Amino acid sequence: MNYFSLERKSPEVGFEEAVRRGLAPDRGLYFPKRIEPLAKSFFDNLHLMDSVEIAFQAIKQFVGAEIPEVDLRKIIAETLTFEFPLVHLEEQIYALELYHGPTLAFKDVGARFMARCLGYFNDRSTNKESVTVLVATSGDTGSAVANGFYKVPGVDVIILYPSGKVSEIQEKQLTTLGENITAIEVQGTFDDCQHMVKRAFLDHDFDGKRQLTSANSINVARWLPQMFYYFLAFKEVKLEERPIVFSVPSGNFGNICAGMMAQQLGLPIHHFVTGTNANDVIPNYLRTGTYQPKPSVATISNAMDVGAPSNFVRIQEIHNGSFEKLKQNLSGYGFTDAQTREAMEYLYSEKGYIADPHGAIGYLALKEYQRNEPETLGIFLETAHPVKFLDVIPKSVQESITIPKSIKSVLSKKKKAEMISTYDELKQYLLSN
Ligand SMILES: *Cc1c(COP(=O)(O)O)cnc(C)c1O
């Protein structure tokens, strides 16, 4: 499969090159040249297939011949080692829990898949050129990436996180692995970390010295495997005769955009709903038709504190740049922290369900949509384990949250991080290590 840059000023590349580069040389996001819908027989037989087979069929065309089928199946089998339970909460509402992976965040799937693809390419490569994955994180991305790439041959991972601004659990998950994972603690905000990473990608002083790549949803190998969730959920509800709607709590809009790719492949999704926090650029766009990115503001659902969603250009591409077409396929609503807390309390007291702040926004958005579309079957994505956001979960709910074993063991490990405060220090580090 070939990929082209959405800036349309770079040459097309194959899957491997797109994964190694992350972004095209013209700074555009890569997008697949063609999308071939899956055969009807695939959907008819979906309920008979296991998760690995479903995922394989969904992603195969996007990888193409660059990874042979047996190896691709193996990569998928090693990626999908945990469950994605669908929890029935109300007659027409399910929660799809995506947080049962090793770092308790949905990003585990994309990170594990991407890491194994890069590992595969490095294994086979004759020049043994190692790749440095450089990521800025406000918490969740960094831990999923660190864990996914741990001990993958030929890949060094460098994670920048803002000092004092990630939770204790998240910091431990980032800083205690060692081996090929380096954590860099930045005296500054998440935006400062992000700026440093962007500057490094543009810095020609690394040319020929370090091949830098990204591991956020810009990278096609992190973005596309997120299609799996939608197929796996559909398998569970296949026999319900209602139009299916997915509600996705969104930040960079990579996850929801992957759902739209699944829909392009023929998965019968009636409509998408996005829930955001106060960073409501997309809901505003859907209302006004004007796309106006703005600086991000801090909220209790901080993995979605994004003011300029990077996958917006892919969403536009999927809808042929048509605002009308997009509006028919996507609804969006923004919520305050107070509304988010209220939803967490309500879900717990009325439904006995513990949601994290991101999932709670997915629920709120779905409810809002269903007020006018009561005949739909709604599935909202629960993107993180509540324990990762313990400090912002209402007291009444907190007491019932049990800390998983994997978290307990990481908490007792010793933190190891480099401390920096400027871009030059980062550059120095990258050139000398
Ligand atoms: C990253 C993240 C999101 C947002 O996902 P996008 O693909 O960036 O829209 C939502 N919830 C949690 C818990 C996350 O970590």
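At a glance:
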read-out	value
Subset of the stretch 379-412 (residues that are basic (Lys, Arg) and either modelled with pLDDT of 95 or more or closer than 29 Å to His195 by Cβ (or both))	Lys388
Test result for Ala65, part of a helix (DSSP H, G or I) and under 14 Å from the mean Cα position of the chain (by Cα)	no
Check on Val166, within 15 Å of Arg112 (Cα to Cα) and of a type in the set (A, V, I, L, M, F, W, C)	no
Positions within the stretch 154-168 being in contact with a helix residue (DSSP H, G or I) (Cβ under 6 Å, 6 or more places away or on another chain) and not in a strand (DSSP E or B), in sequence order	Gly154
Residues that are in a helix (DSSP H, G or I), among the hydrophobic types (A, V, I, L, M, F, W, C) and touching a Gly at 6+ places or on another chain (Cβ under 9 Å), drawn from the stretch 316-335	Phe323
One residue from Asp71, Asp44 being over 22 Å from the mean Cα position of the chain (by Cα), at pLDDT below 95 and either farther than 30 Å from Ala355 by Cβ or not in a helix (DSSP H, G or I) (or both)	Asp44
Residues satisfying the stated conditions in the stretch 203-232, i.e. away from the ligand (no atom under 16 Å from the Cβ) and either touching a residue at least 24 places away in the same chain (Cβ under 8 Å) or buried (at least 21 other Cβ atoms within 10 Å of the Cβ) (or both)	Asp203, Asp205, Phe206, Lys209, Arg210, Gln211, Leu212, Thr213, Phe231, Leu232
Any hit, the stretch 378-393, residues being over 21 Å from the mean Cα position of the chain (by Cα) and under 19 Å from Asn147 (Cβ atoms)	no
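Residue-wise test of (1) at pLDDT 95 or above; (2) surrounded by fewer than 23 Cβ atoms within 10 Å (Cβ to Cβ); (3) closer than 16 Å to Phe246 by Cβ.
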{"residue": "Phe56", "(1), (2), (3)": "yes, yes, no"}
{"residue": "Glu78", "(1), (2), (3)": "yes, yes, no"}
{"residue": "Phe84", "(1), (2), (3)": "yes, yes, yes"}
{"residue": "Val87", "(1), (2), (3)": "yes, yes, yes"}
{"residue": "Glu90", "(1), (2), (3)": "yes, yes, yes"}
{"residue": "Ile93", "(1), (2), (3)": "yes, yes, yes"}
{"residue": "Leu96", "(1), (2), (3)": "yes, no, yes"}
{"residue": "Leu104", "(1), (2), (3)": "no, no, no"}
{"residue": "Arg112", "(1), (2), (3)": "yes, no, no"}
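The values are calculated or read from the model by the stated rules, or taken from the named source; none is laboratory data. Since the model is a prediction, treat every value here as computed from it, not as a measurement. So basically every Cβ, Gly included, is an ideal-geometry build from the backbone, and we count neighbours across all protein chains shown.
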